[in-house]
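Have a look at the structure below before the remarks.
The values are calculated or read from the model by the stated rules, or taken from the named source; none is laboratory data. These figures come from a predicted structure and were not determined experimentally. Here the Cβ positions follow ideal geometry from the backbone for every residue, glycine too, while neighbour counts run over all protein chains shown.
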Amino acid sequence: IRKYVTIVSLEQRQCYKDDFNAEYEEYQNLYSHIDKIKENFRQFHKQWKSLTAGSKAYQVKKDKTMKSVLQHNIIL
């Protein structure tokens, strides 16, 4: 991550704008991917709330959640 100083010229402003535009699409893609993963976890949590801890259904849901985490290479 680069640190930017106060803009003092139009050229500098354009450089910052170009840097932003060059990386914005990648940011949007990553944000979208993370948002989908967050929604999956929201759904898992909603389903978990209706399960009894230690039950077979609870363990199955836990295993599916961990599989999903490992598939997405998420570090908790």
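Assess whether ALA57 counts as being in a helix (DSSP H, G or I) and either of a type in the set (A, V, I, L, M) or touching a residue at least 60 places away in the same chain (Cβ under 8 Å) (or both). Yes, satisfied.
Suppose we keep only residues that are of a type outside the set (A, V, I, L, M) and modelled with pLDDT of 85 or more within region 55-76. Which one would you say is surrounded by the most Cβ atoms within 10 Å (Cβ to Cβ)?
Taking the candidates together, the pick is TYR58.
Scanning region 16-54 for residues that are assigned to a helix (DSSP H, G or I), of a type in the set (Lys, Arg) and more than 30 Å from THR6 (Cβ to Cβ) yields LYS36, LYS38, ARG42, LYS46. Among the residues making up region 5-46, those that are over 13 Å from the mean Cα position of the chain (by Cα), modelled with pLDDT of 90 or more and of a type in the set (S, T, N, Q) are SER9, GLN12, GLN14, ASN21.
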